[in-house]
Structure formats: C-alpha cells, structure tokens
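Contents: one structure, followed by commentary.
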Amino acid sequence: MSAAFDPRRMRAMLAKEFTQIARDPSTLLIAFVLPILLIFLFGYGVNLDTARTSIALSRQDDGEAARSLAGAFQQSRWFDVREVGTIGSLKTALIAGKVRGIVVIPDGFSRAAAAGGGDIQVITDGSMPNSAGFVSGYADGVRATWAAGRAAERGERPRGGPAIDVDNRYWFNPALASRYFLVPGAIAIVMTMIGSLLTALVIAREWERGTMEAIMATPIGMGEFMISKVIPYFVLGIGSMTVCTVLAIGVFGVPLRGSPLALLAIASAFLVPALGLGLLISAATKNQFVASQIALLTAFLPGLLLSGFLFEIGSMPGWVQAITYLVPARYLIPPLETVFVAGDNWRLFLPNIGALLGFGAVFFTLAIRVNRRRIA
C-alpha cells in the first residue's frame, strides 16, 4: 500500500464499497430492517408505564364508608379493579399473575371510619418488587385521598393544622409515558449495532473472501483504505437514525423538541467511536463470526446495560458506575433523550460530544496500527 493520497483512488474505493453494500442483502437487513424491528419492539413490546394495574378488591363490610372506598378504587385511573367477596380464591390468581395485588376492606371498616380510623389490607406479590411497591403505594394514596375527601365533606380539619396540597408538575413528559425515553434509547442501541456490528465485518470479510490480497497489491494508501471503509457505514448509520426518528415521531408520537441540526451532530459524534470500535475489531480478526461476537460483547451489551438506557447509572454499585465511563453509549443517551423531549441544550451536548470524539480518536488510532501490523 502506498502512503500517497489520491482522490481518484478514493472515489473508486468508495464506489466499490457502496456497490458491495448494495449487493449484500444481509447488510441492508441489518441497516434498515433490524432497526425498524427494534424500534417497534421497544415502542410496543417494552412498556414501563404503570397505569391500569390489575388488582382484586375484597369488600367484607357492607357499610356506606366501605362502599364509598370501594368506589374510589374502582374509579382510580391507576387500577383495573375486579371486586370479589372473599379472598379465598385470590391467592391462586395472585400467584398466576392474573392480578398484581389484593385490597381487603375488612369487616367493621365503616364503624372505624365513622370514628376517624379504619385500616385496609394490601396483599402484593413480593417476587415482583416494582409492581408490589407500585400497588402498595398507590393503594395507600387512594385511601388517603378518599379519607381527605370524607373529612372535607364533614368540615373537619386534618390533624396537625391545615392540609397542604401538592401540585405535581412533570416537565417534558407530563403523561410519564415510558416511550418518551425508551424509543430515543432504542435509537441509540440501533446506532450502536449499525456502527459497530457492520464495520466489525468489513475488513474480516475482505480476508475471508480473499480480496484483501488484491487490495494490498494496489497503490492505495492506508488513509484511503480506512476512509473507504468508514464513509459508507457512516451514511448507513445516519440513514438508519433518520428512519428511526421518523418512526419515533410519526408512529409513537415522541416529540422532537430540539433541532434536527443538534440531533445530527449528536448522532454523527456517536458514530465516530462506534465505527472506530468496529474497525478495530475487524482489523484484529480475520473471521466474520468472531468479529460479530466480539462486537456484540463490547458494543451492544454494554450499550444496552451500562449506558443508562434501561437502568439508571446512579442506582448501580460504585464500581459498576466507574466502568460505565468506558462505555461510549453512556455519553449518547442523555443528549439524545434531551434533544427529543426537552430541546437543544448545548451545555449538555458539547461535553458529551467531546467525550465521544475522544473515544473515536483512540479507536481509530488503534485500528490503523492493528491493521497496518496485520497487513505487514
């Protein structure tokens, strides 16, 4: 390989790469079909919203207060209530997952409520802590709201002084819809796969097909060779991101409150380390299967588990939080979610873009060294 840069050779290599991509159905499937499947999977299949949880209500008191409280549970927007008389048959339903909790209004509740008291029992499945905590917390909230309303009707003042009303306001996501952060996060996962998985195969494919020897016999320079491997997959990555963005806005109703320019800058910055890591893997291996497995282990799984997409980094152990600083996707998720649901915030974007470009410089430097050593 020659060190001199020639634009004509560069154009010829780019034409070769784009033609090879167009003739490879697997590349087009990974670049466009797989992202669409992932977006629909995270948009419809993964749902962290907690509205309308199924519970059973056992009312063992026929007094007016018990009926009123049962009605409050029936009208709650958080629960889908099935009212039964006894709790004997509900244990099996709770174990089977048909209901997520059981609320028991015991006998004598109405008398206790008339005297200013009254307790209810909430039974939940402790093997599902998130659902159990939600059912317990919101059941207590329904009871407290009902009790406050009853006290107000009687003109009573709550103990401890005047009541304090809390007016909750949720910025950027008033409905607390999980798709507002799941779908942008899915776009990050898609870009991780496109950038790292596809480029992890390109140089290994040349070795497997025996075309690397022919390329080595040409006067092409290392810079031309690497650029010809990067630009086509950069274009594919931006194209996949655009398709996913259109689906996020048009199908799932996720707002894009930031500018397309900011989104493009964030996506382009992330593709730099993603493509660099893919080329490093591809240069270090001569087998496509091995390269794809390494790409999944070093890019996809860390991007899914350690980026803050599904699990908050702040809730992880300290040593795991330290590892997340080595995951490029960690610096993509906050800017990507922000540009969708909040808008442009360049004070947040620029440090993350800088970190991504730094990762990219390291990966590309290593990829060039490893590839030059392999060819030599």
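Between the amide H of Val84 and those of Leu57, Ser58, Arg59, distances stay under 5 Å, these residues lying 5 or more places away or on another chain, with hydrogens modeled in the peptide plane.
Protection proxy ranking of 16-23, 227-234, by the mean of other Cβ atoms within 10 Å over each peptide's residues and highest first, is 227-234, 16-23. Principal-axis analysis of the Cα atoms of the chain puts helix 179-192 at an angle of about 20° to the longest axis. A cut-off of 5 Å between modelled amide H atoms, ignoring neighbours fewer than 5 places along the same chain, links Trp78 with Arg52.
Measuring between their Cα centroids, the stretch 101-150 and the stretch 22-82 lie 22 Å from each other. Between the Cα long axis of helix 222-250 and the first principal axis of the chain there is an angle of about 30°, rounded to the nearest 10. Using R₀ = 45 Å, calculate the FRET efficiency as 1/(1 + (r/R₀)^6) where r is the Cβ-Cβ separation of Ser178 and Ser268; round to 0.05. Calculated transfer efficiency: 0.95. On the basis of the beta-carbon distance and an R0 of 35 Å, Glu64 and Glu312 show a calculated FRET efficiency of 0.20. Residue ranges 265-273, 323-331 sort as 265-273, 323-331 when ordered by packing (mean number of other C-beta atoms within 10 Å per residue, highest first). For the chain, the longest principal axis of the alpha carbon atoms and the long axis of helix 7-22 meet at an angle near 50°. When the alpha carbon coordinates of the chain are projected onto the principal axes, the ranges are 94, 43, 40 Å, largest first. Each part gets one Cα centre, and for the stretch 248-290 versus the stretch 324-350 those centres are 13 Å apart. Ranked by the mean number of other Cβ atoms within 10 Å of their residues, highest first, the peptides 313-319, 296-302 fall in the order 296-302, 313-319.
Backbone amide hydrogens, once placed in the peptide plane, bring Gly101 within less than 5 Å of Ala56, excluding anything fewer than 5 places away on its chain.
Apolar share of the accessible surface for the chain: 61 percent from carbon plus sulfur atoms, 1.4 Å probe. Taking every C-alpha pair closer than 8 Å and separated by at least 6 residues, the mean separation divided by the residue count of the chain gives a relative contact order of 20 percent. Rolling a 1.4 Å probe over the protein heavy atoms gives the chain an accessible area of 51 Å² per residue.
Bridgeable aspartates and glutamates around Lys16 (alpha carbons under 20 Å apart, same-chain partners fewer than 8 residues away excluded): Asp6, Asp24, Glu206, Glu208, Glu213, Glu224.
Seen through its C-alpha gyration tensor, with square-root eigenvalues sorted a ≥ b ≥ c, the stretch 218-343 comes out oblate because a/c lies at 1.5 or above while a/b is not bigger than b/c.
Sorted from longest to shortest, the spans of the Cα atoms of the stretch 53-153 along the three principal axes equal 39, 24, 19 Å.
Normalised by the number of residues in the stretch 53-153, the average gap of Cα pairs under 8 Å and 6 or more apart makes the relative contact order 31 percent. So which trypsin sites (Lys or Arg not before Pro) in the stretch 59-118 are both in a DSSP loop and have at most 16 other Cβ atoms within 10 Å of their Cβ? Here the trypsin sites (Lys or Arg not before Pro) that fit, given the DSSP loop and packing criteria, are Arg77, Lys98.
The values are calculated or read from the model by the stated rules, or taken from the named source; none is laboratory data. The structure presented is a predicted model; accordingly, all values stated were derived computationally and were not measured. FYI the Cβ positions are ideal-geometry reconstructions off the backbone, even for glycines, and counts take in every protein chain you see. The accessibility values were calculated without ligands, DNA or RNA, using every heavy atom of the protein model including side chains. Shrake-Rupley method; radii C 1.70, N 1.55, O 1.52, S 1.80 Å.
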